[in-house]
Structure formats: C-alpha cells, structure tokens
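Read through the structure below, which is laid out as structure tokens, and then see the notes.
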Amino acid sequence: MRAVVVGTWMLLRGAPMERVRVLVANGVLWVLSFTLAATLLNSILVHTWLQTVTFGAIVVCRFLLGRLFRWERARATVTMMPVP
C-alpha cells in the first residue's frame, strides 16, 4: 500500500513512469513475500482439504504475481538505462 501511495506522489511530482513502476513492483513483491510467510505459518493448522486447496491457491497466486512483477521490474529497469 505504501509503495502505491509513494508512487502516486512521485507521479504527481513529475517522476518518470519507469521509476514509479519499479518502486511499485518492488513494494508488491515485498508484501507478497510477507503474505506467503504468514500463510505458511498459518498452514500449520491446515486440517481440511478446503484449507489445503486454499493454501495451494495462495501459493500459486503468489508465484504468478511474483513472476509478473519481476518481469515488469526488469522491463522498467531496462527502459530506464541510458542509451550511449
């Protein structure tokens, strides 16, 4: 959430879009890591198939979103590099 607020503020102040995208992507990846860690800690109490499927869905979503944001961060970082 903080990365989105800071990114919006940076856009309003005229920061380059690529820099804001990298900031937001890093923030989302950081939050996803904590969410996954919390889910793993909570999985100790998995007793039903529904809880197991829910846990699996969260892990898959985190993996897919992580890949998407890493790709976005790499793409934005490449566009920020100066051309000689």
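The values are calculated or read from the model by the stated rules, or taken from the named source; none is laboratory data. Only a predicted model underlies this, so the values are computations on that prediction, with no experimental measurement involved. Cβ: placed from backbone, ideal geometry, glycine included. Neighbour counts: every protein chain shown.
Output the residues belonging to the stretch 35-49 that are at pLDDT below 80 and part of a helix (DSSP H, G or I). So that I can check it myself, show each step before the final result.
From the stretch 35-49, those at pLDDT below 80 are 35-47; that's our starting set.
35, 36, 37, 38, 39, 40, 41, 42, 43, 44, 45, listed by residue number.
Kindly indicate which of 52, 79 is at pLDDT 75 or above, assigned to a helix (DSSP H, G or I) and polar (S, T, N, Q).
Values: 79 fails: at pLDDT 75 or above.
Exactly one residue qualifies, and that residue is 52.
Kindly indicate whether any position in the stretch 5-15 is farther than 25 Å from residue 77 by Cα and either modelled with pLDDT of 80 or more or aromatic (Phe, Trp, Tyr) (or both).
We begin by selecting, within the stretch 5-15, every residue farther than 25 Å from residue 77 by Cα; these are none.
There is no residue in the stretch 5-15 that is farther than 25 Å from residue 77 by Cα and either modelled with pLDDT of 80 or more or aromatic (Phe, Trp, Tyr) (or both).
Only residues that are aromatic (Phe, Trp, Tyr) and more than 14 Å from residue 73 (Cβ to Cβ): list them for the stretch 16-62, please. Reasoning before the result, please.
So the first thing to find is which residues in the stretch 16-62 are aromatic (Phe, Trp, Tyr), and the list is 30, 34, 49, 55.
Those that are aromatic (Phe, Trp, Tyr) and more than 14 Å from residue 73 (Cβ to Cβ): 34, 49, 55.
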